[in-house]
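Everything on this sheet refers to the single structure shown next.
The values are calculated or read from the model by the stated rules, or taken from the named source; none is laboratory data. The structure presented is a predicted model; accordingly, all values stated were derived computationally and were not measured. We place every Cβ from the backbone using ideal geometry, glycine too, and count neighbours over all the protein chains shown. Each accessible area value is taken on the protein alone, full model and side chains, heavy atoms only, with ligands, DNA and RNA left out. Shrake-Rupley method; radii C 1.70, N 1.55, O 1.52, S 1.80 Å.
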2 protein chains.
Amino acid sequence: MATSKDKKHLVIIGGGFAGLNLAKHIDKAQWSVTIIDRNNYHSFPPLFYQVASSGLEPASISFPFRREMLSRKCRGCEFHLGEADRIDTARREVHTQFETLSYDALVLAAGSTNNFFGIPDLEKKVYTLKSTPEAIRCRNEILDRLERASLCPDRDKRRRLLTFAVVGGGPAGVEIAGALGEFKRYTLKREYPSLDLDDMRVVLIEGTGKLLGTMSEKSSEDALRGLEQLMVDVQLNKKMDSYDDGVLRFADGSTIETDTVVWTAGVRAVSFEMEGTDVQPGHAGRWEVDAYNSIVGIDDVYAIGDIAIMSTVKYPKGHPQVAQVALQQGANLAENLNNPHREARAFEYNDKGSMATIGRNRAVADIGKMHLSGKAAWFAWLVVHLMTLLGMRNRAVVFINWMWSYFTFSAGLRILIRPEKYPLRKYWKE
Amino acid sequence: MATSKDKKHLVIIGGGFAGLNLAKHIDKAQWSVTIIDRNNYHSFPPLFYQVASSGLEPASISFPFRREMLSRKCRGCEFHLGEADRIDTARREVHTQFETLSYDALVLAAGSTNNFFGIPDLEKKVYTLKSTPEAIRCRNEILDRLERASLCPDRDKRRRLLTFAVVGGGPAGVEIAGALGEFKRYTLKREYPSLDLDDMRVVLIEGTGKLLGTMSEKSSEDALRGLEQLMVDVQLNKKMDSYDDGVLRFADGSTIETDTVVWTAGVRAVSFEMEGTDVQPGHAGRWEVDAYNSIVGIDDVYAIGDIAIMSTVKYPKGHPQVAQVALQQGANLAENLNNPHREARAFEYNDKGSMATIGRNRAVADIGKMHLSGKAAWFAWLVVHLMTLLGMRNRAVVFINWMWSYFTFSAGLRILIRPEKYPLRKYWKE
């Protein structure tokens, strides 16, 4: 421990794609590294929707930080559980509920959470997909609706229970709507023989005229067609006004009656209490950074990934909030911190393409100018996600689950596990 | 559906080992069958302790009823989610929070839950292992203590956080204590470098003079030795008095300071509100049944598995509350219900033996007069449990997890997932 005194202390808030990749690339001979995270595991947000749709177990897409700290690239990094409540940039301290840490350099990599755009109480009425517990809750609520509907003799109530509205046509919205459509098409009649196909309705609502806004026109059209084949009712150019008493209201006056709204319509950066500086976060809570991911106006504080916004010629409104940007910013910042005497390298995003899956054998991918869809894109999607997952065990388990679902036409993990503190009786009674 | 009118309606409360096996063996040409369960999945209690010790994910030992209802043996059975609140034996009705079902024959197979022997508020202070959510909660609390301890500069507090007391020396107690001991011996120093081996203490407390009371003397001794090798402090003949303000008190005046008590010391049968009869359940809420699992004094109502107690010459105090008895009673009752015109066959328990695992390469097994221990027993334990699990997917995933743990000397799923409704900040602050 004597040598660690000579090292500078790097504190990273958040062990997601950005923070963890920074930790992997930082030179541990120069820096002693502490990762703070509110969870004791690294998670894999691109597959949260599969937890929500009963396709994967939460643990399969999570990896304990303490195991990752034993890996070759992370050896020497420390993991501290906690929520960074408050940062004091004058004293160079980070406070969590458990401790106060001093830093020489601080990196904000806490990512993003849901944005409800100030719609009152919306947070309490909808289900979201921005963390593992949220995805588990979404899974439980979907399964709850199916079970309750199967016992409900009143057709109107039953239809209402089986109306699933997904708000937001980005990748998460398209993917969860696709999974629900697939359930309707392939599984409903078999596993819920008392229900009619017509009772179930999946609606995907998008405010703009295009699904998968950041992807190509072709991908967006293919996604729309794919969802329609899965009996998803896609409604474009539809602006949501309110959601009260089980009624979704839109700007055009139309309504949808539903007990289950999955909200994927917006994100904002995770926020902190900041002391010792006047610098404030910008649009949607994102911290404005220069080309080196340094927050302008606060010494030795950086922001990477979803929480940062960097305006460049190619991306004047900032980069997309995706895993690739986070990973690359983490690596680039490590490179710059490792070489303080060399001229810092400006971040340049190498867009490797983007993809979204709609259902079995159905996906879309844009890779450079190339566009893939159908089976080829779906297969590419599988391989890319399997390879990006942390840990051999997780890869093996995810692979088995995917094969199982593929051959049985059914998600294998339709398990409604309520937190122990919510006894079924209390929670369900209406 | 026309033919189902001619069939008699069999309602089974509980889809555990007993209820599900009855459903598999019942003649669907004579009976229309409804299984009511509070969960939408069949679970596998012998492995709950592995969920609690981060060895397995809950879904790997759960199987959705609706999928099982598609299997060859269960085809035609219906699954209804719900808790059987109230039974009216005069009207022959079962009430759940969702519906009222009429029956021609009713089988109570709802199993057992924790028994706190009237110790006030004990339920709220200890962690238990009698259901999947309880096991998940136990896992979360154990991981919470480890993380908190690793951030705690005060040695006394740290030691208190790392004292894990397991009360009850039956199979569940031995198994969870073994898993905790294994963690201490093989994983603690590696994954929690800031903690000392001496800080952690695992205590197993048993009221009688013998671990694994129902097993052979030899098994009991081997289990004791195995646990001691895993640095578990086994205390026999120790009667617990109370647990208040983090202090476990015993009849002999001794105390243990701990924030974490895992309670495996007793079970009682799940209870119902019963109307239309004066018959009451007996010792620990178990329903007294005759040799055919019929509840004496209530027409066409049966009890099987943990919830029943059948006094026989060989088992004057009833059979042990284990999976084998439940499975066999389910099959025997099905046989009798299928053949109403034949003389009913009295239940006879075919004891195939019992086993308990202590840790890697350490287990004990009694098979007839034979006793196995060490590697052989451990391997037998693995094979038996793997074969008994429902579903190929589950077997494959469990197998991968076990292999992974075996070769890495570590449980792979050390993931602390709080229910979404308990934000970390609120839950943890002291």
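For segment A:94-129, filtered to residues that are modelled with pLDDT of 95 or more and open to solvent by 40 Å² or more (accessible area, probe 1.4 Å), the residue that is farthest from the other protein chains (Cβ to nearest Cβ) is A:Asp104.
Contact annotation: residue pairs with Cβ atoms under 7 Å, 6 or more positions apart or on different chains, pairing a residue in segment A:324-347 that is touching a residue at least 40 places away in the same chain (Cβ under 8 Å) with a partner that is open to solvent by 20 Å² or more (accessible area, probe 1.4 Å) and aliphatic (A, V, I, L, M), are A:Asn336/A:Ala344; A:Ala346/A:Ala291; A:Phe347/A:Ala291. Of the residues B:Ala29, B:Ala23, the single one that is within 26 Å of A:Arg190 (Cβ to Cβ), assigned to a helix (DSSP H, G or I), more than 13 Å from every other protein chain (Cβ to nearest Cβ) and not acidic (Asp, Glu) is B:Ala23. Considering segment B:332-352, and only residues there that are crowded, with 17+ Cβ neighbours inside 10 Å and small (Gly, Ala, Ser), the residue that is nearest to the chain's Cα centre (by Cα) turns out to be B:Ala334.
Could you look through segment B:46-59, keep only residues that are part of a helix (DSSP H, G or I) and within 15 Å of the chain's Cα centre (by Cα), and pick out the one that is farthest from the other protein chains (Cβ to nearest Cβ)? The extreme case among them is B:Pro46.
If you go through segment B:21-41 one residue at a time, do you hit one that is out of contact with any strand residue (DSSP E or B) (no Cβ under 9 Å at 6 or more places or on another chain) and of a type in the set (Lys, Arg)?
Looking for residues that are out of contact with any strand residue (DSSP E or B) (no Cβ under 9 Å at 6 or more places or on another chain) and of a type in the set (Lys, Arg), one finds at least one in segment B:21-41, hence yes.
Tell me which residues, restricted to segment A:300-321, are hydrophobic (A, V, I, L, M, F, W, C) and within 10 Å of A:Tyr349 (Cβ to Cβ). Don't jump to the end; show me each part of the working.
Taking segment A:300-321 and keeping what is hydrophobic (A, V, I, L, M, F, W, C), we get A:301, A:303-304, A:307-310, A:313.
A:Met310, the sole residue that qualifies.
Scan the helices (runs of 4 or more DSSP H) fully inside segment B:166-242 and keep the ones with 3 or more residues being surrounded by fewer than 24 Cβ atoms within 10 Å (Cβ to Cβ).
Values: elements: B:171-182, B:188-191, B:217-229.
In segment B:166-242, B:188-191, B:217-229 are the helices (runs of 4 or more DSSP H) which contain 3 or more residues that are surrounded by fewer than 24 Cβ atoms within 10 Å (Cβ to Cβ).
In this structure, is B:Ser54 touching a Lys or Arg at 6+ places or on another chain (Cβ under 8 Å) and modelled with pLDDT of 95 or more? So B:Ser54 fails the test.
Does A:Ser311 meet the test of being under 19 Å from the mean Cα position of the chain (by Cα) and either of a type outside the set (Phe, Trp, Tyr) or open to solvent by 30 Å² or more (accessible area, probe 1.4 Å) (or both)?
Working: under 19 Å from the mean Cα position of the chain (by Cα): no; either of a type outside the set (Phe, Trp, Tyr) or open to solvent by 30 Å² or more (accessible area, probe 1.4 Å) (or both): yes.
No: the conditions fail for A:Ser311.
Here segment B:363-390 is the region considered, the condition is being part of a loop (DSSP other than H, G, I, E, B) and within 19 Å of the chain's Cα centre (by Cα), and the residue that is farthest from B:Pro64 (Cα to Cα) is B:Leu389.
Within segment A:83-93, how many residues turn out to be more than 7 Å from chain B (Cβ to nearest Cβ) and open to solvent by less than 30 Å² (accessible area, probe 1.4 Å)?
If we filter segment A:83-93 for residues that are more than 7 Å from chain B (Cβ to nearest Cβ), which is where we start, we get A:84-93.
Now drop any that are not open to solvent by less than 30 Å² (accessible area, probe 1.4 Å), which leaves A:84, A:87-89.
So the answer is 4.
What pairs can you find where one residue is in segment A:196-221 and more than 26 Å from A:Met370 (Cβ to Cβ), the other is assigned to a loop (DSSP other than H, G, I, E, B) and open to solvent by 80 Å² or more (accessible area, probe 1.4 Å), and their Cβ atoms are less than 6 Å apart, with a gap of 6+ or different chains? Correct list of pairs: A:Gly207/A:Lys239. Answer yes or no: is there a residue in segment A:3-14 that is within 9 Å of chain B (Cβ to nearest Cβ) and either open to solvent by less than 20 Å² (accessible area, probe 1.4 Å) or within 25 Å of the chain's Cα centre (by Cα) (or both). Checked against the condition, which is being within 9 Å of chain B (Cβ to nearest Cβ) and either open to solvent by less than 20 Å² (accessible area, probe 1.4 Å) or within 25 Å of the chain's Cα centre (by Cα) (or both), segment A:3-14 yields no hits at all.
Provide a single number: the residues in segment A:64-81 that are open to solvent by less than 30 Å² (accessible area, probe 1.4 Å) and more than 7 Å from every other protein chain (Cβ to nearest Cβ). Before the answer, list the steps.
Pass one, segment A:64-81, residues open to solvent by less than 30 Å² (accessible area, probe 1.4 Å): A:64-66, A:68-69, A:74, A:77, A:79-81.
Filter again for more than 7 Å from every other protein chain (Cβ to nearest Cβ), leaving A:65, A:68-69, A:74, A:77, A:79.
Here the count works out to 6.
Among the residues of this structure, B:Phe347 does not count as one that is closer than 23 Å to A:Ser405 by Cβ and either at pLDDT 90 or above or assigned to a loop (DSSP other than H, G, I, E, B) (or both). Considering every residue within segment B:284-295, establish whether at least one is in contact with a Pro (Cβ under 6 Å, 6 or more places away or on another chain), under 20 Å from B:Asn115 (Cβ atoms) and in contact (Cβ under 8 Å) with a residue 24 or more places away in the chain. Yes, segment B:284-295 contains at least one residue that is in contact with a Pro (Cβ under 6 Å, 6 or more places away or on another chain), under 20 Å from B:Asn115 (Cβ atoms) and in contact (Cβ under 8 Å) with a residue 24 or more places away in the chain.
Identify the residue in segment B:140-165 that is within 28 Å of B:Lys239 (Cα to Cα), more than 14 Å from chain A (Cβ to nearest Cβ) and touching a residue at least 40 places away in the same chain (Cβ under 8 Å) and, among all such residues, is surrounded by the most Cβ atoms within 10 Å (Cβ to Cβ). Filtering segment B:140-165 for residues that are within 28 Å of B:Lys239 (Cα to Cα), more than 14 Å from chain A (Cβ to nearest Cβ) and touching a residue at least 40 places away in the same chain (Cβ under 8 Å), the one surrounded by the most Cβ atoms within 10 Å (Cβ to Cβ) comes out as B:Phe164. Within segment A:358-415, the only residue that satisfies the criterion of being hydrophobic (A, V, I, L, M, F, W, C), within 14 Å of another protein chain (Cβ to nearest Cβ), crowded, with 20+ Cβ neighbours inside 10 Å and under 22 Å from A:Met231 (Cα atoms) is A:Ala411. Here A:Lys317 meets the list (1) closer than 30 Å to A:Phe65 by Cβ; (2) surrounded by fewer than 20 Cβ atoms within 10 Å (Cβ to Cβ) almost entirely, failing just condition (1).
Residues that are closer than 22 Å to A:Phe44 by Cα, touching a residue at least 60 places away in the same chain (Cβ under 8 Å) and away from chain B (no Cβ under 14 Å) occur in segment A:180-190; there is at least one.
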